[in-house]
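Peer 1: Sharing a structure, written as structure tokens. Questions coming.
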Amino acid sequence: MPVADQGRRFERLAQGMDDMREYERIAGFLQIARRALANNAFDGVLTMIGVLMGNYLGGVRSAVTVIRIGIATSISIGVSGLWGAYLAESAERGRELAELEKISLTDLSDTKIGRASRVAVVVVSLVDGLSPLVSSMIVLLPFFFVPLIGSIILGYVLSLAVALVGLFGLGMFLGRISGRGLVGYGWRTVVAGIVAIVINALLPLD
Amino acid sequence: MGNLRRLVLDVLKPLDPSIVTLVQLLADLKGVDGVNISIYEIDRRVENAKITVEGHDLRYDEIVAVIGENGGSVHSIDEVAAGKVLIEDVVTPQD
């Protein structure tokens, strides 16, 4: 690739980054996206703990079945996050923009403010949709290696372990945001996972 | 046509983007030597700003476009000056 082309591409990238920073300053979507990331990833992991416990207690001993149910659940919570966030965020941002347009008696849709509002909707929706999808798929990962591990029960154990480690990581992320103890927050989220596992195990459904 | 040297605009703009951003964007325009923005009224979401732009060859359309792009609307043009030298408003006995 010619040097001039590379330079132009770099310039465009830098301009794009500058624009995003400006949109974030105007629309302030980073904080909302961060909250959505933690909340929905947490939802994704806990949902997957439910799926795993349901499969295990329901006597499912086929890795393919667990993967199929897990992926279907992941996609559903991903779509739910994306759709819900898009509808809620676009309604909220649209109302804010309309209010500002009414005060300033100006059409703001084709200004930096209008664009920042639209970018905020896209970013928050994507984070809302992708975070539960990715987090739940990570929990499911050990089942892809069941043929190598050789035991479906070990697959369940490893998946639950990944889920608890994931919850600990999410807790640490929240601890970092709050500026308090990382480990303390980590354990708090792990307890939520353990509670879900124990309640599922103790349910007298058989 | 004589070159535009000074422009004083009364603008209503949202609080974001801030006047710090706006003043720099205006100062970057071709033909502009300096810009001053002062706020004389502030509301919950919007503010009224007096924007003074001086230069050797101001482009009115470009200045208004930058203000518009940042969500502002020009309510009135309060002062203009053009020509080889900058002429200040003259105080007369009637004033």
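The values are calculated or read from the model by the stated rules, or taken from the named source; none is laboratory data. Computed from a predicted structure; not experimentally measured. Here the Cβ positions follow ideal geometry from the backbone for every residue, glycine too, while neighbour counts run over all protein chains shown.
Peer 1: Quick check on the stretch A:144-156. Is at least one of its residues touching a Lys or Arg at 6+ places or on another chain (Cβ under 6 Å) and surrounded by fewer than 21 Cβ atoms within 10 Å (Cβ to Cβ)?
Peer 2: Looking for residues that are touching a Lys or Arg at 6+ places or on another chain (Cβ under 6 Å) and surrounded by fewer than 21 Cβ atoms within 10 Å (Cβ to Cβ), one finds at least one in the stretch A:144-156, hence yes.
Peer 1: Quick check on the stretch A:1-49: of everything there that is part of a helix (DSSP H, G or I), within 26 Å of the chain's Cα centre (by Cα) and among the aromatic types (Phe, Trp, Tyr), which residue is farthest from residue A:141 (Cα to Cα)?
Peer 2: Across the stretch A:1-49, the extreme among qualifying residues is A:23.
Peer 1: Across the stretch A:93-114, what is the total count of residues that are surrounded by 15 or more Cβ atoms within 10 Å (Cβ to Cβ) and either within 24 Å of the chain's Cα centre (by Cα) or of a type in the set (A, V, I, L, M) (or both)?
Peer 2: Residues in the stretch A:93-114 being surrounded by 15 or more Cβ atoms within 10 Å (Cβ to Cβ) and either within 24 Å of the chain's Cα centre (by Cα) or of a type in the set (A, V, I, L, M) (or both): 5 in total.
Peer 1: Kindly provide the set of residues from the stretch A:61-79 that are touching a residue at least 24 places away in the same chain (Cβ under 8 Å) and part of a helix (DSSP H, G or I), ordered by number.
Peer 2: A:63, A:66, A:67, A:70, A:71, A:73, A:74, A:75, A:77, A:78, A:79
Peer 1: Additional query: Residue pairs, Cβ under 7 Å, 6 or more apart or interchain, first in the stretch B:20-46 and within 14 Å of another protein chain (Cβ to nearest Cβ), second surrounded by 16 or more Cβ atoms within 10 Å (Cβ to Cβ) and charged (D, E, K, R). List them.
Peer 2: Close Cβ pairs satisfying both conditions: B:41/B:47; B:46/B:13.
Peer 1: Kindly provide the set of residues from the stretch A:174-185 that are touching a Leu at 6+ places or on another chain (Cβ under 8 Å), crowded, with 17+ Cβ neighbours inside 10 Å and not hydroxyl-bearing (Ser, Thr, Tyr), ordered by number.
Peer 2: Within the stretch A:174-185, just A:175 meets the criteria.
Peer 1: Residue B:47 passes all but one of (1) under 11 Å from the mean Cα position of the chain (by Cα); (2) surrounded by 12 or more Cβ atoms within 10 Å (Cβ to Cβ); (3) over 17 Å from residue B:3 (Cα atoms); which number fails?
Peer 2: The single condition residue B:47 does not satisfy is (1).
Peer 1: Let me spell it out: the conditions are (1) farther than 30 Å from residue A:140 by Cα; (2) among the small types (Gly, Ala, Ser); (3) at pLDDT 95 or above, and residue A:76 meets all of them except one. Which number is the exception?
Peer 2: Among (1) farther than 30 Å from residue A:140 by Cα; (2) among the small types (Gly, Ala, Ser); (3) at pLDDT 95 or above, the lone unmet condition for residue A:76 is (1).
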